[in-house]
Amino acid sequence: MGRLRSRKVTIRDDTITSAAHLTLRQSLLPNLLVTTLFFLWGFAYGLLDVLNSHFQHHLSITPTLSALLSTAYFGAYFLLPPTLSSFILRRYGFRVTFMTGLLIFSVGCLLFWPSGVYRSFGGFCGSMFVVGAGLATLETAADPFLSICGPPRYSEIRLNLAQAVQGVGSFVAPLLASRVFFGKGLSEDKGGEGLKNVQWVYLGVAGFDVLLVGLFYVVPMVEVTDADMGVQEREIVGNNNNNRPFRKQYNLFLAVWSQFCYVGAQVAVANYFINFCEEAGRDRATSSDLLAVGQGLYAFNRFVASGLLTIPAFKPRYMLAVYLGLCFVFVTAAMNTAGTTSIAMLMLVLCFESCCFATIFTLGLRGLGRHTKMGGSLLVAAISGGMVFPPMTGAVVDARDAHTAIAIPMIGYILAFM
């Protein structure tokens, strides 16, 4: 017990550690532990897509108003990573940032209980903001950690595999929702049974978060400092980018723009996927199942993309260009078809979104050296594109229909490509 109390959990960011030369085998355990976190925010994000649709029915709100859930969740990504989360990461290191993010996330999950009791949409939005704040803090540390913990040539593969685990969480969440929260027996129920089920699941997630906090405190964790990144970058590319001031890291700023537009488009498609399927003739429970299938394709193709990236001929930037191009092709086809065909086209959009986020992220961090943590914070903040595109999409759903509204994410894919 005394050994645990005396455990050193922080390290100065100007300290050079052995992490600068981690081998693939040495980096395996810490990367596996951090990868478990990706399931958490995949699950939370998957529930967000389902709650967006079902709250329209159970709380009698419009598609535009339901987009406030996404605005609250992704608004936290706009505020936290460049400010508090970045400060904690740079001042106290990865371990403390992981623990802080998990604690904030657990508080947000607990807040779902009173929100459900009072059937308060405003309360759910507030709870979702706190959940987003916790996940934003986790992601501020987790994405850069996986990008830099281990041999640099495997950075895209590490992050794509972790994102595939996130995809599994996004697959499980709508499937659970369609079977347990808002199944066929509860889909037309306005008495609140579905909302009670949501409360219990978030309570269980909060308990799991607390257990993970203890695990991150006890398990030895690698701390990768800015000084380590400087050493590693000099060994790879010399001093070209490492001596540049942060304001001249132009590749990073282009990646932030691309990430902002891509995530906005991705979230808009997922948020209104169920509305789109209902418009195409499916009921709400079946639409949730179809969303789960789409998220399953998304997760599967992330594993495929990770495998392709191990082949030298498949360069990350070419993969990104092809996948974003296919997203544009299939979302355009979904807009201009109807029925089962349009649903299939939109599911293919989810499938080919798979490697875009991780690849943009790692390409944006490449060459930053001592600026890696700050650059990672900005790339995580770019996830706040999810608070901009869904309200615009919801407004078009209200004014016209879901098929027309898909033009908003289509524009997002074009802007991300540019």
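The values are calculated or read from the model by the stated rules, or taken from the named source; none is laboratory data. Just so it is clear, the model here is predicted, and its values are computed rather than measured. Note that we place each Cβ from the backbone using ideal geometry, even for glycine, and neighbour counts take in every protein chain shown. Just the protein is used for accessible areas: all its heavy atoms, side chains included, with ligands, DNA and RNA removed. Shrake-Rupley method; radii C 1.70, N 1.55, O 1.52, S 1.80 Å.
Would you confirm whether any residue within the stretch 286-300 is closer than 17 Å to residue 170 by Cβ and aromatic (Phe, Trp, Tyr)?
Narrowing the stretch 286-300 to residues closer than 17 Å to residue 170 by Cβ: 287-300.
Checking which are aromatic (Phe, Trp, Tyr) leaves us with 298, 300.
Among the residues of the stretch 286-300, at least one is closer than 17 Å to residue 170 by Cβ and aromatic (Phe, Trp, Tyr), which makes the answer yes.
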Kindly establish whether residue 180 is in a helix (DSSP H, G or I), aliphatic (A, V, I, L, M) and at pLDDT below 75. yes
Conditions: (1) under 22 Å from the mean Cα position of the chain (by Cα); (2) free of Cβ contacts under 8 Å to residues at least 60 places away in the same chain. Residue 345 meets all but one. Number of the miss? (1)
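Checking the conditions here, which among 72, 76 is in a helix (DSSP H, G or I), in contact with a helix residue (DSSP H, G or I) (Cβ under 6 Å, 6 or more places away or on another chain), aliphatic (A, V, I, L, M) and open to solvent by 10 Å² or more (accessible area, probe 1.4 Å)? Show your work before the answer.
Working: 76 fails: open to solvent by 10 Å² or more (accessible area, probe 1.4 Å).
Answer to the selection: 72.
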What residue, among those in the stretch 273-319 that are farther than 15 Å from residue 357 by Cα and in contact with a Pro (Cβ under 7 Å, 6 or more places away or on another chain), is modelled with the highest pLDDT? 275
Within the stretch 143-152, identify whether any single residue is among the β-branched types (Val, Ile, Thr), modelled with pLDDT under 85 and under 23 Å from residue 61 (Cα atoms), and answer yes or no. no
When you look at residue 348, is it buried (at least 22 other Cβ atoms within 10 Å of the Cβ), assigned to a helix (DSSP H, G or I) and either on the phi < 0 side of the Ramachandran plot or modelled with pLDDT of 90 or more (or both), yes or no? no
Might you check whether a residue that is open to solvent by less than 10 Å² (accessible area, probe 1.4 Å), under 25 Å from residue 199 (Cβ atoms) and β-branched (Val, Ile, Thr) occurs anywhere in the stretch 122-137? yes
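Could you tell me how many of the residues in the stretch 256-292 are open to solvent by 10 Å² or more (accessible area, probe 1.4 Å) and aromatic (Phe, Trp, Tyr)? Steps first, please.
Applying the first criterion (open to solvent by 10 Å² or more (accessible area, probe 1.4 Å)) to the stretch 256-292 yields 256-258, 260, 266, 275, 278-284, 286, 289-290.
Okay, now just the ones that are also aromatic (Phe, Trp, Tyr), so 257, 260.
Within the stretch 256-292, residues that are open to solvent by 10 Å² or more (accessible area, probe 1.4 Å) and aromatic (Phe, Trp, Tyr) number 2.
Would you mind finding the one in 397, 322 that is part of a helix (DSSP H, G or I) and either without any contact (Cβ under 8 Å) to a residue 40 or more places away in the chain or basic (Lys, Arg) (or both)?
Numbers: 397 fails: either without any contact (Cβ under 8 Å) to a residue 40 or more places away in the chain or basic (Lys, Arg) (or both).
Residue meeting the stated conditions: 322.
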Answer with yes or no whether residue 102 is part of a helix (DSSP H, G or I), out of contact with any Ser or Thr (no Cβ under 7 Å at 6 or more places or on another chain), among the aliphatic types (A, V, I, L, M) and surrounded by 24 or more Cβ atoms within 10 Å (Cβ to Cβ). yes
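Going through the stretch 105-121 one residue at a time, which ones are of a type outside the set (A, V, I, L, M, F, W, C) and either without any contact (Cβ under 8 Å) to a residue 24 or more places away in the chain or crowded, with 20+ Cβ neighbours inside 10 Å (or both)? Steps first, answer last, please.
Kept after step one, since they are of a type outside the set (A, V, I, L, M, F, W, C), are these residues of the stretch 105-121: 106, 108, 114-116, 118-120.
Listed by number, the residues that qualify are 106, 108, 114, 115, 116, 118, 120.
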Listed residues 50, 96; which is modelled with pLDDT under 80, farther than 22 Å from residue 382 by Cα and β-branched (Val, Ile, Thr)? 50
Might you check whether a residue that is outside any helix (DSSP H, G or I) and among the β-branched types (Val, Ile, Thr) occurs anywhere in the stretch 52-69? yes
Somewhere in the stretch 356-368, is a residue hydroxyl-bearing (Ser, Thr, Tyr), open to solvent by less than 30 Å² (accessible area, probe 1.4 Å), out of contact with any Cys (no Cβ under 9 Å at 6 or more places or on another chain) and touching a residue at least 60 places away in the same chain (Cβ under 8 Å)? yes
Evaluation of residue 253 against (1) open to solvent by less than 10 Å² (accessible area, probe 1.4 Å); (2) at pLDDT 80 or above; (3) touching a Leu at 6+ places or on another chain (Cβ under 9 Å) (one fails), failing number: (1)
